[in-house]
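Laboratory data are not the source of any read-out in this text; all were calculated from the coordinates shown. Values in this document were obtained by computation on a predicted structure and should not be read as measured data.
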Amino acid sequence: MYRIEAPFQSPPFNRYPLTTEELELLLDVEQDGEVHWDNLVQHQSILDNIRPSIASIIKSEGWVTLHD
């Protein structure tokens, strides 16, 4: 299962599982394994199709990393 990891929170509370659909959408905007809010916010169609909680984490952290 893929997940995002928030850089500014301590493990294990920084790991959030992604659905396959969310992973595929986020891979469209990732760079070097990271998803940055500034880049994501430019893609409303992706924001519309990921859970609000995942979008909120990315927004509050500024960026997250993708992990399998």
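Determine the relative contact order of the chain: mean sequence separation of Cα pairs under 8 Å and six or more apart, normalised by residue count, in whole percent. Normalised by residue count, the contact order of the chain is 46 percent. Estimated from helical segments only, the mean residue ellipticity of the chain at 222 nm is -9000 deg cm²/dmol, where each DSSP H run of four or more residues counts as -39500 (n - 2.57).
Based only on Cα atoms, what mean projected area does the convex hull of the chain have, in nm²? Approximately 4.0 nm², given one-decimal rounding.
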